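The structure appears right after this line, and notes come after that.
The values are calculated or read from the model by the stated rules, or taken from the named source; none is laboratory data. As the structure is a prediction and not an experimental result, all values here were calculated from the model. Don't worry about glycine lacking a Cβ; one is built from the backbone with ideal geometry, like all the others, and counts go over all protein chains shown.
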Amino acid sequence: MTVREAATGGAVAGAAPSGSASVGVRGVGKVFRRRGQRTVALRDVHLDIAHGEFVSLLGPSGCGKSTLLRVIGGLVDCDVGSVTVGGRAPSEARAQKRFGLVPQAPALVPWRTVEGNVRFLSDLHRGGAGTPRTPAEVDELLEAVGLSSFRRAMPHELSGGMQQRVSLVRAFALGAPILLMDEPFAALDEITRADMRYLLLDLWRRTGATVVFVTHSVSEAVILSDRVVVMAPRPGRVVTIEQIALPRPRLPEMEDDPAFHDHVRRLRADLRDSHQR
């Protein structure tokens, strides 16, 4: 595995750059068995993610990105190795409601308004590890994504992009310290998807959550992340971790910066090389 840092200095493979790890993955392997066939989804994965860090898992379909996300979230057990979340097992962390999940589809409750959907998970998760946002904070989050005037709207009255904005605000309003995002913008058109990246960055900046983000898009991973984890096709494994040397806050014009294109070029080369490893 290659670890590339933005600054000079030694690096431990897969290690978070600073602070105690919010998530620790040690030698994780996962095998799925279906109809007598054995598929090695993950092999010997090592990764640390720091508190408040934004980490993207990048790779082709079938490389184990979503499986790793689910193992971290305690939705799937690993067969070998271990995962800790704030020093706890993922199942315990999930029971303590330390996770928020943003899936590909918004999965809004159809009979609740925008405001009702945003508050829905917070009402269910009271007493967990996170602190649900106050009504005033929820109002700020809705304002940040341009939904204040749609707070009384029903899901069927919203476009796909607006529904995904509601899904994002709902996750951040939960107050969970870790958000797991499984290609949340995959179904959106490119213009809407580009806008959503910066809305996501603004919500993340406001809340300080740790984000683990699955994507197929190299440019999306670069503009969003502190670090990008490149995964190889089956058996899924980490081949490169790149620290992104772009200042924050990230702005749309940075996508024209030579440093942005350098990262994109290197990561695309890593993806091509991963097919040969």
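Each residue in segment 63-111 was checked for being surrounded by 16 or more Cβ atoms within 10 Å (Cβ to Cβ), of a type in the set (D, E, K, R) and under 20 Å from Arg234 (Cα atoms), and 2 of them qualify.
Name every residue in segment 232-270 that is closer than 19 Å to Thr67 by Cα, within 19 Å of the chain's Cα centre (by Cα) and not basic (Lys, Arg), in order of residue number.
From segment 232-270, those closer than 19 Å to Thr67 by Cα are 232-241; that's our starting set.
Keeping just the survivors that are within 19 Å of the chain's Cα centre (by Cα) gives 232, 236-241.
Matches in segment 232-270: Ala232, Gly236, Val238, Val239, Thr240, Ile241.
The residue of segment 16-62 that is modelled with the lowest pLDDT, among those that are touching a His at 6+ places or on another chain (Cβ under 9 Å) and surrounded by fewer than 18 Cβ atoms within 10 Å (Cβ to Cβ), is Gly19. Considering only residues of segment 218-277 that are of a type in the set (Asp, Glu) and within 22 Å of His46 (Cα to Cα), which is surrounded by the fewest Cβ atoms within 10 Å (Cβ to Cβ)? The qualifying residue surrounded by the fewest Cβ atoms within 10 Å (Cβ to Cβ) is Asp273. Of the residues Val222, Val211, Val169, the single one that is part of a strand (DSSP E or B) and within 16 Å of the chain's Cα centre (by Cα) is Val211. Suppose the filter is surrounded by fewer than 20 Cβ atoms within 10 Å (Cβ to Cβ) and closer than 23 Å to Val230 by Cβ; does Arg205 pass it? No, not satisfied.
I need a count of the residues in segment 227-251 that are part of a strand (DSSP E or B) and over 13 Å from Gly62 (Cβ atoms). Outline the logic, then answer.
So in segment 227-251, the residues part of a strand (DSSP E or B) come out as 227-232, 236-243.
Imposing the further condition that a residue be over 13 Å from Gly62 (Cβ atoms) reduces the set to 227-230, 238-243.
Going through segment 227-251 one residue at a time, the tally reaches 10.
Of all residues in segment 115-139, those being at pLDDT 85 or above and surrounded by fewer than 13 Cβ atoms within 10 Å (Cβ to Cβ) number 1.
Pick out the one residue from Arg152, Arg70, Arg112 that is under 26 Å from His216 (Cα atoms), of a type in the set (D, E, K, R) and at pLDDT 90 or above.
Working: Arg152 fails: under 26 Å from His216 (Cα atoms); Arg112 fails: under 26 Å from His216 (Cα atoms).
Of Arg152, Arg70, Arg112, the one residue that is under 26 Å from His216 (Cα atoms), of a type in the set (D, E, K, R) and at pLDDT 90 or above is Arg70.
Given the criterion under 22 Å from Arg268 (Cβ atoms) and surrounded by 20 or more Cβ atoms within 10 Å (Cβ to Cβ), identify the matching residue among Phe172, Phe213.
Working: Phe172 fails: under 22 Å from Arg268 (Cβ atoms).
Result of the check over Phe172, Phe213: Phe213.
Taking the criterion of being under 17 Å from the mean Cα position of the chain (by Cα) and modelled with pLDDT of 95 or more, the only residue of segment 73-83 that qualifies is Val83.
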